[in-house]
Amino acid sequence: MHHFPHLLLALLASTPSDEAKAALAPFQKTLKETLFKALERSTEAAVEVCSERAPALAREASTARVTVGRSGLKLRNPANAPPAWLPPLLDELSKLPPGTQTGRTVTLPDGRVGYAEPIWTAPPCLVCHGPVIAPGLDATLRARYPADAARGFAPGSFRGVFWAEVAPAAAKPDGGLQPPKMRPSAPRDTNPEIPR
Ligand code: HEC
């Protein structure tokens, strides 16, 4: 019976939001470390990290089932536009008290689960996202990002989110067993459904 191990795995498996957090953790950690290290060298090096390393790290942190990324309400790079399910979560998270550490999940009609947690602007972020940007850096940013809207942020303001999209575990090519619904439907930190 090849189905048994699948069933066992499904029973032991973490929730989609655990999976989302697990996939995001190394992305968040490495990005932060790389950015702050680069900032010690020069802002030019740090811009390089943000534009080249950030997307690469997001790809590296993604798996066959989990896709991760960054987004926001005001974007520097249009390539960071939110997936279709994200805008309502962005809206909700942006209204939380600054600094709130939390996450929201949403279950999509096709069984995928979306997850997002807020990013609050810290003082070092202002070098590149604040109201005043040094002339040389400003020119570099304008040349790379003609549609840059990610400026004018203040410390503590809502900068955006880390997001993850988790495909359902049961969507296996061999049509493996659906995991039984064993989790109690306790109150969740989530909007149950957002129509697409
Ligand atoms: C050295 C300049 C620089 C610093 C410092 C910086 N950023 Fe950025 N940030 C960028 C660039 C450049 C991009 C565009 C990245 C891309 O092309 O994907 C960006 C993109 C982002 C995005 C993705 C959404 C978008 O607007 O495209 C988020 C979220 C973000 N930054 C948050 C932060 C936070 C939070 C900090 C402070 C911890 C920070 N940034 C510090 C330059 C910087």
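Brief remarks on what is shown
- Ordering ASP110, ASP18 by the number of other Cβ atoms within 10 Å of each residue's own Cβ, fewest first, gives ASP110, ASP18.
- FRET efficiency for the ALA134 to ARG41 pair, using the beta carbon distance and R₀ = 22 Å, is estimated at 0.90.
- For ILE133, ILE119, the sequence from fewest to most other C-beta atoms within 10 Å is ILE119, ILE133.
- Taken along the Cα-to-beta-carbon direction at a fixed 7 Å, the label points for SER62 and LYS32 span 2.3 nm.
- Euclidean distance of C-alpha centroids, the range 109-160 and the range 41-66, integer Å: 14 Å
- Amide N proximity, the range 118-133 versus ALA154 label position 7 Å along Cα-to-Cβ, cut-off under 17 Å: 120-127, 129-133
- Less than 5 angstrom separates the built amide H of GLY72 from those of VAL161, all sequence-distant by 5 or more or on a different chain.
- Under 16 Å of direct C-alpha separation, and excluding same-chain neighbours fewer than eight residues apart, LYS21 reaches these aspartates and glutamates: GLU60, GLU117, GLU165, ASP189.
- Listed by Cβ neighbour count within 10 Å, with the fewest neighbours leading, VAL127, VAL66 appear as VAL127, VAL66.
- Converting phi to 3J(HN,Hα) with the Karplus coefficients 6.51, -1.76 and 1.60 and the offset θ = phi - 60°, the range 17-22 yields 6, 5, 5, 4, 5, 5 Hz in sequence order, with x at every glycine or proline.
- Sequentially through the range 74-81, phi angles give Karplus couplings (6.51, -1.76, 1.60; θ = phi - 60°) of 10, 9, 8, 9, x, 5, 8, 4 Hz, Gly and Pro residues having no value and appearing as x.
Read the figures in this text as sums done on the coordinates, not as results from a lab. Note that this is a predicted model, so its numbers are computed, not measured. Don't worry about glycine lacking a Cβ; one is built from the backbone with ideal geometry, like all the others, and counts go over all protein chains shown.
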